[in-house]
Structures are given as C-alpha cells and as structure tokens.
Protein chains: 2
Amino acid sequence: MAEDKVGRYEFVAEPFHVDFTGHLFMGVLGNHLLNCAGFHAADRGFGMARLHESNYTWVLSRLAVELEEMPASYDSFSVETWVENVYRLFTDRNFTILNKDGRPIGYARSVWAMINLDTRKPADLLELHGGRIVDYIETEKPCPIEKPGRIKVSALVPIRTIETYYSDIDVNGHVNSIKYMEHILDLFPKEMFLTRRIARFEMAYVAESYMGDRLSFFRDETEEGEYAIEVRKDIGGENPEGEVVCRCRVTFCNK
Amino acid sequence: MAEDKVGRYEFVAEPFHVDFTGHLFMGVLGNHLLNCAGFHAADRGFGMARLHESNYTWVLSRLAVELEEMPASYDSFSVETWVENVYRLFTDRNFTILNKDGRPIGYARSVWAMINLDTRKPADLLELHGGRIVDYIETEKPCPIEKPGRIKVSALVPIRTIETYYSDIDVNGHVNSIKYMEHILDLFPKEMFLTRRIARFEMAYVAESYMGDRLSFFRDETEEGEYAIEVRKDIGGENPEGEVVCRCRVTFCNK
C-alpha cells in the first residue's frame, strides 16, 4: 500500500449531507477531502497520529476546490489524493473527485504546513519521517485547476457577525476549518443556490479562532458571481480592524 | 438480508466529527442513527425511495439517545437497529450503539410517522408495503432506556434567537432534524462539556421550520444538570408566542 503514491477512497452522498438542491454540501466534500488527506498520510507513515508522537501536527493553509458537478443524494463517488510537491515549509496535496462511473467531476488543491505543537512554529518537511515524504511525490498526475491565489477584500463594513459555539469547535479547540466554509456559504440567499452552483471555492487559513470568538464577515463582489470574503475576529476597542482569521473566494456559475 | 430483523452498520469516529473533548458530536451520532434507519428500511422494502414512488415519506417524531460513553476520535463502533412496534400511525424503532469490542455503550429509541407528500397527513402504516412491515417486528431484543416522554418548558424569555441559513436546510427544504440538536447544544458553555457529558438527549419534533425562519430557544433547568428546551418560530406581531417547532430534554452527568 505504501508503494502506491495515489490513494483512492470511496464515498456515498448521504441523504442528510445534501443541500436543498439535492447536492452534497461543499463543507461535507471539504471534510471528505481532509479525511482522505489523513488516510493517505497515515498509510504512508506521516499521518497525524505518527506526527503527534514526535510533537508535530499538520496545519491546512490553503484549499481550492473546482467542480463541474456535485454528487447528488445517494450517489457513489470517490476521491483520489496525492502529494504533488514538498518544500521545506509547505507541501502541495492534490485531489480528483470522480463520479460513480470513475469520470473526474472536480479537482482540488491544498497546501499544508507542519508545526511543532509546543512552539506552534513551522517545521522542516524535508526532515519529516526521515525525509521519506519525498518518496511519495507524484508529479505526472494532472490537476487542471489554478493554484490557490491571493485573496484581497476591501469591504469596510461586515455583512454579518456571529459568535462561535460548541458545534464549531474541533478536537484541537479551534473553530473547525470546514465550519468557516459553512458560515461563509450561509451569507448567500436561497436564490443563489436555486439558480447557480459553486464552480470554485477557495480558502486561505490565516489564524485560529476559538469558542466564544466573535467572527465578522466582510464581502466584496469582485466580478459578477465571484465573491471575496474575509473573516476577522476580535474587532472593537483598541483593535478596530480585528485580526484576519481566513479569506475565501467563491465563484458561482449558472447551472 | 431482508429475513434478518436487526440491521447492523459499522462506523468510525472521524477526526472532524469529534468535539473538543475528543468524543463524537451528539449530532453526528444522531445523523448515523437516521442513516441506519434508512438503510434498514430500504433493505426491507419500506425505505424512503420506495415510499416516494407511492408519494409517502417517513417523518421523525421522537428521538431519545442514552449513552454510557461516546465513541472517541478514530474509534470503530457499530449501530444495530430494529422495529419494535408498528401501530396504525406510528412505529417505534430502537437502536443499540456498540463499542469496538461489541459491548453496548448506549441505546436509542425513535418514533416515526408516515405521511402523504401531497396532503402532509399521516398514513396507515399497517397498509404500508402490503402490511409487510409487521413481519419485521422484533420484540425480544432489549432496549433498556425510557421511552421519549412529555417535555414541558415554562421559560418566558428566550435565551437565544437565531436565523436559519443555507447550511441548516435539508433536501426537503426543512431545517435538518440534526441541526436542531446542534443549535440546542450550542446554548451551553464550554465548562459544561469540560466537566460533564451528555447522559440522555431527547428530541420531540412538532413542526417544520424553513430557511430564513427565526428560531427562539426557551430553556428551563428542570433538575440539577437536566434541561428542557423549546424551540419556537415566528414570534412577534400578531403571534407573540410563536409556533413550537421542537422540544428537547438534555441530561448531563459528571464524567
């Protein structure tokens, strides 16, 4: 198994994991992608559990997902994942989303860092697991979508501010990466999802937030159907601008 | 397969499906239970897909879950489900939650009605699928927890009011049954989950709510560590009391 550079994992779009249009929630797909990354890394000796033993962990920095279609309720689909590049401080991990016939219906790109759990400082990936992560680099497999880019938001007034609660928080005590995706899509009205679908969804994770933090959402419409969103915490008092937690670009297209 | 009255389904507690204490979210367990109910019914000829063909659907009326322990991150566990009783308008479906060694760590009881999709009126379960649902009744298997009871809430002032958004809504256009569980647990502070765990969680579903509805949460502490919660929509104007959407009883115990 460890010889194989590409991991492939099977899923079914569960009935309560689809939205009112009958298609998988983007957040549920994102969760599956993160799980696949975890399975793939664990099977090759550089998973979370192994890293924790040596006091390190993976941190998701960027995620971009592009889809031609989203699996519908009860559809089988699969996800392939592989490591495209390893640098000293970052690694690029790609994904293909395949429909039940094995045809690619979407791709994703992600960028990860490894940090020391005590210092929270980035660690050298080329030293990880005796440098063996580079044995799994697969550069031939296509991932024909753009890399995650820079996201800039200029809106000055938040369109929504929420508090974070118990259900937002993951095992590390941080707001779950996927929950930001959900809260961001919750900014859009019903009509958007009725008439359009998400063509591309891109996240840049900048800082952690915690239970009870107030998150403010700033949104620009950058082109017709394309939105840039910035999430900031701790706005107010001596810190009128707050601190950036994450940024997102979501592109809707006609169905 | 259809001969077997009890269905058994295997799960793993996924890393992003556990809370900050490292244990499965109650809402995720609830989702698994509903999926098991769906698999079990579908395999025996009275699942959602078959019912929709004849313009009927299942509606969850009550759910009560009682646990000695909650599966932890990466734990394997399984769920057994069976039909305990079928009446004209309701059916009782029970569940056992088993840990990785096959030892029961919890039980659940649920009550379902079948409704006509056009009239939204209840249908006669004894006529369903040629009356064959009664062939699957299993009365010998123990489910040693109390049946869902009556829940009464007397609080006059809501402790929180929220709007419902895209991520709350299921394929039928209703707020997802599981999302109510999440919003209800979000009423409790971090300290509650640090020092205690949920011993019993009980939901009574009364009416549907929809995207954009404002939900108000009324809460009584009925005994030490036991809370009764009522969720109401459309409060205000000519309707100062609003309409009851669901009620919940949650009992916390020391860890």
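Only one residue in B:GLU80, B:GLU146, B:GLU69, B:GLU163 is over 25 Å from B:CYS246 (Cα atoms) and open to solvent by 60 Å² or more (accessible area, probe 1.4 Å), so which one is that?
Checking each option against the conditions leaves just B:GLU69.
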task = Return the residue satisfying two criteria in turn: it lies in the range B:41-66 and is more than 22 Å from B:GLU140 (Cα to Cα) and hydrophobic (A, V, I, L, M, F, W, C), and of such residues it is most open to solvent (accessible area, probe 1.4 Å).
result = B:ALA49
key: Residue in the range A:178-190 that is nearest to A:GLU208 (Cα to Cα), counting only those that are more than 8 Å from chain B (Cβ to nearest Cβ) and in contact with a helix residue (DSSP H, G or I) (Cβ under 7 Å, 6 or more places away or on another chain)   = A:LYS179
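Does A:ILE235 satisfy being among the β-branched types (Val, Ile, Thr) and in contact with a Gly (Cβ under 6 Å, 6 or more places away or on another chain)?
yes
Being closer than 27 Å to B:LEU194 by Cα, within 21 Å of the chain's Cα centre (by Cα) and more than 14 Å from chain B (Cβ to nearest Cβ), is that true of even one residue in the range A:233-240?
Checked the range A:233-240: at least one residue is closer than 27 Å to B:LEU194 by Cα, within 21 Å of the chain's Cα centre (by Cα) and more than 14 Å from chain B (Cβ to nearest Cβ).
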ask   = Counting only residues that are touching a helix residue (DSSP H, G or I) at 6+ places or on another chain (Cβ under 9 Å) and without any contact (Cβ under 8 Å) to a residue 60 or more places away in the chain, which one in the range A:107-130 is nearest to A:MET70 (Cα to Cα)?
value = A:ALA113
request  = Examine the range A:52-67 for a residue that is in contact (Cβ under 8 Å) with a residue 24 or more places away in the chain and out of contact with any strand residue (DSSP E or B) (no Cβ under 7 Å at 6 or more places or on another chain), and state whether such a residue exists.
outcome  = yes
ask   = Of these, B:ARG197, B:ARG219, which one is within 14 Å of chain A (Cβ to nearest Cβ), open to solvent by 30 Å² or more (accessible area, probe 1.4 Å) and not in a loop (DSSP other than H, G, I, E, B)?
value = B:ARG197
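Here's the yes/no breakdown for (1) of a type in the set (D, E, K, R); (2) more than 14 Å from chain B (Cβ to nearest Cβ):
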| residue | (1), (2) |
| --- | --- |
| A:PHE11 | no, no |
| A:PHE20 | no, no |
| A:PHE25 | no, no |
| A:LEU29 | no, no |
| A:LEU33 | no, no |
| A:THR57 | no, no |
| A:ASP75 | yes, no |
| A:TRP82 | no, yes |
| A:LEU89 | no, yes |
query = Would it be correct to say that B:GLY38 is in contact (Cβ under 8 Å) with a residue 24 or more places away in the chain and either within 20 Å of B:LEU185 (Cα to Cα) or open to solvent by 10 Å² or more (accessible area, probe 1.4 Å) (or both)?
reply = no
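The values are calculated or read from the model by the stated rules, or taken from the named source; none is laboratory data. Just so it is clear, the model here is predicted, and its values are computed rather than measured. Neighbour counts are summed over all protein chains in view; Cβ atoms, including those assigned to glycine, are modelled from backbone coordinates with ideal geometry. These area figures cover heavy atoms from the full protein model, side chains too; ligands, DNA and RNA do not enter into them. Shrake-Rupley method; radii C 1.70, N 1.55, O 1.52, S 1.80 Å.
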